Every structure is written in structure tokens, then in C-alpha cells.
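A quick write-up on the structure given underneath.
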Amino acid sequence: MKTIVNILVLVFCWLSCHVLAVTGRHPTGVNVNTNGPTTVVITFQNLEANEQPVNAFWCGDVTATGVVIGNNPCVSGTLLGYLPDRYNLARIQGESGFVPGAGTDLPGGTPGTPGSMTRNMNDVMSIPEAVVRRAYQEAQRGASSEFYYIRQFVNNGINTFVTVTCRLAGGGARTPLSLTRVDLDFDQASFRKSITQVEQNTLLEKFSASIRYNGTGLLKGRWEVVMPGETPPTTFDLLSEGSLSIEDRPLQKRYRLVSRFQKFLPPNGTALIPGPDPRLLPTNEAGLYQILFRVEASNDKEGNTDTLGGIVSTGGSAGFSMPTLKYFVGHSPVVEVVSTERNITLITPQNEQSLSKEKIKFSWFPAEGVATISMYRLELYEVIGEKRLIGTAMIKPQENNYQPGEKFKRKLTGTILWRVIGLNKQGVVVSNSPIRKLTIQE
């Protein structure tokens, strides 16, 4: 018996000596916008060789802060929400591939630097409005105005939880400079076109980027154009530079430079970034072009992060890829059809809403130019794997809602993705909606 006890003691001592964990994070705490989403880049420092991230969530209260080994510090009943998969841009620096669940087609990484002893994870904390709203409501009821972002790591079966303090604020000068929404469009456009068609050797209309942001500081970047025949950018290429680690920034593809921009953003939350002179944009060659809004990293004392190898600038970060503005030079019947339609705007259910089958009713605003749409099609997809189509419903163009019948309801299980597309008489897709996620309550 004594021998068994000694063995157990030795095993425990070995584990305590050899199972180490992430040692810290930077920043340790940030101010976040009380009235909207917030994005902050966080460096989790000194991960062990086998240590991997497995979860990310927010809690209203914790039993301990910093690096907590073993027990989840989230106080029972105070969970505010999980980081959505589409916002998960976390990357372990010096390793290939992104963490499971990353919501974008990010490329494999580069080999680690020879002799480097630091293994960090670059994380983009994008706080959804729903999480902030819950935290604010709890603060109104008398709870603390602070809540916590928690990253869970696992190493040889040992769990480590690392907390970052989030302080409710106004989203102004003491909040990290980050973009929360970007829209590109022509200045005189009555509605956003999928593709704008122009004649050869003619000027485009003036266009601009309308942005919403938190914090204050210098926003800088460049306008680029993708020429016909060039490999189009991936979602990784369109991420803002401030959202990426130093190792990943050189991996983004570059295209023909049109002009550069630099604008100081005051702490008022909205701004308009004028596009380049239309005379600088090519229209001599027929084909499809894409105008890119490339945001470069700027110095931001509220958001810069310490990687233990130096301070990295993260100003202008964003938890999403920048949109593009497409134009087609020449004549194309397909482009003429697509460019006349406005994207379909979904109404209900809201994105990431959880509902019982009895309360589900799909609804949307009809697209502009509805005369060319002969039918709407509601599509359901699996969330995991290759997002396999699991069900469809055809709706007349005069209607903009669909109440599932009993047969259709049987397809509604677990978490699904859904969207609505518009078809013309030839069955060609002429308009579509964004994809939304819906969870079915059992």
C-alpha cells in the first residue's frame, strides 16, 4: 500500500512539474462599447508545445482572474455567451493551420523561427452585441460593470482558463481602435448593386467606404484593384492587417495599387473614407474587376499587444473581412441581370436565435426590381462538414414569408444555416440574402 501511495505522489509531482500552461495574456483588460460590438486583439503568451485552445466564452463573474489551472473560473449562472465560429480567427504563431472552428479560409502558416522559445496565440476577441447587452442588463440590476472573456486551453488532459477583463464603456477614446462595420458603394447609388457595369474607356462614378468603429486614432490603408484574370482574394487576404499576427501579415496577397488613404478618426463612431480619383481605375480592358479596401495596422495605445518579443500595433483591427466593390467593363447579359437586383434582407428569425419549431416563421424584405424574380427559394444547410443542403421551399414572388408545415418542421433539428435566394424565369439566381444561423429548441 505504501508503495502505491509513493507512486501516486511521484506521478502527481511529475505532472505538476511537466504539465505547464500558457503564462499570460496581453492586454489583461480592455474597455468595450456598451452600445455595440467590440473587437480587440489579444496575445496569449508562452503556450506549451502540446497546448491547444478548445473554447472561448464570456462570463459575468469569475472565481479567479488571470491564468487558472484546473477548474473553470466562470461562476455558475453568469455565462453570457460563446464566441461564434465565424468570429474565431485565433492563430497559434509559428504553427501551420488555424484552430478548429476558424470562420474563414485562412492559409497554413510558416515554420517556427529556429531557436524561438515563445509560442503565442493571436486571438481576435469579437464581442457580439447580444453578449454586451446581457452584461449591461446585469449591471443595471446591480452586478459589476465588468465581465470576462475566457479562453480555455488543454495540455495533456489538463485544462487552463485564461481571463481578460472587459469593462463597459462608451466606445470612445479609451477603447481600442477597431472597425465594427464597413460598407463600400458608389456615392450616388440608390441601392447596392452586386456588380456595376460600365462601358470601356469610361470613368466610374465616385465611391467611398462608410465605416463604423470604436476608439479613436489614425486609420490608414490603400485602395487596390483586382484585374480580370487575376486570382481573386480570399477572406484571409481581406482581413485588416491589425487583426493578424506579425508572421501572417506578409502572407496576404497584394494587387495593383490605386492610391493610399490616411484619416484621423475622432471618437464619434462613424466616418466616410473617400475612394480614389475614378481616373486612376482601369476600364480599358473588358472583364470583371474588384476594388479592395485594404486597412493597414496603426499604432493604438489602447489596443496594441505585447508578444513578449515586442509590441505589435493593432489599430484598425476587425473581426471580419473587408467587403469588395465589383465592376464589369463591357457587355454581359448575366451581369446585367445580376446588377439590377438588390440583395434580399432577412427579417426573422434573427441570426443565431434559438426558437422552438412552433415559433419559427421565415420572413424577409423583397428585393428591388422584384418584377424579374419569378420565385424565392428558402434553403436549409447543415452547420458542420461541407454545409450539405438538407431542405428547400419555393415561395411565390408576391410573398415574403414562409411558415413551415409539419413535414418541413421535421427537417429542423439542432443548429442549421438558412438563406433566401431569388430566381428569374430561367432559374438563374439574380438575388440572394446573407446566411443566418438558427438553433432549434428540442
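Descriptive notes on the structure:
- Filtered residue count, the stretch 394-428, keeping only those that are more than 10 Å from Met375 (Cα to Cα) and either loosely packed, with under 13 Cβ neighbours inside 10 Å or among the hydrophobic types (A, V, I, L, M, F, W, C) (or both): 15
- Ile195 meets all of the listed conditions (1) over 22 Å from Leu257 (Cα atoms); (2) of a type in the set (Val, Ile, Thr); (3) touching a Ser or Thr at 6+ places or on another chain (Cβ under 6 Å) but one, namely (1).
- For Asp183, the conditions (1) modelled with pLDDT under 90; (2) part of a strand (DSSP E or B); (3) closer than 21 Å to Cys59 by Cβ all hold with the exception of (3).
- Scanning the stretch 196-222 for residues being more than 22 Å from the chain's Cα centre (by Cα), of a type in the set (Ser, Thr, Tyr) and assigned to a loop (DSSP other than H, G, I, E, B) gives a total of 1.
- Pick from the stretch 370-388, criterion modelled with pLDDT of 80 or more and hydrophobic (A, V, I, L, M, F, W, C), ranking: surrounded by the fewest Cβ atoms within 10 Å (Cβ to Cβ): Met375
- Gly36 satisfies every condition listed in (1) within 28 Å of Val383 (Cα to Cα); (2) more than 25 Å from the chain's Cα centre (by Cα); (3) small (Gly, Ala, Ser) except (2).
- Of all residues in the stretch 429-442, those satisfying the criterion of being surrounded by fewer than 16 Cβ atoms within 10 Å (Cβ to Cβ) and within 19 Å of the chain's Cα centre (by Cα) are Pro434, Ile435.
- In the stretch 278-300, the residues that are more than 22 Å from the chain's Cα centre (by Cα) and in a strand (DSSP E or B): Gly287, Leu288, Tyr289
- Flag if Glu358 is modelled with pLDDT of 85 or more and surrounded by fewer than 15 Cβ atoms within 10 Å (Cβ to Cβ): yes
- If the condition is being part of a loop (DSSP other than H, G, I, E, B) and among the hydrophobic types (A, V, I, L, M, F, W, C), then the stretch 225-265 contributes Met227, Phe236, Leu238, Leu244, Ile246.
- Taken as a whole, the condition of being part of a loop (DSSP other than H, G, I, E, B), more than 18 Å from Pro37 (Cβ to Cβ) and aromatic (Phe, Trp, Tyr) does not apply to Phe161.
- Subset of the stretch 266-277 (residues that are of a type in the set (S, T, N, Q) and assigned to a strand (DSSP E or B)): Thr270
The values are calculated or read from the model by the stated rules, or taken from the named source; none is laboratory data. From a predicted model like this one, the values you see are computed outputs, not experimental measurements. Cβ: placed from backbone, ideal geometry, glycine included. Neighbour counts: every protein chain shown.
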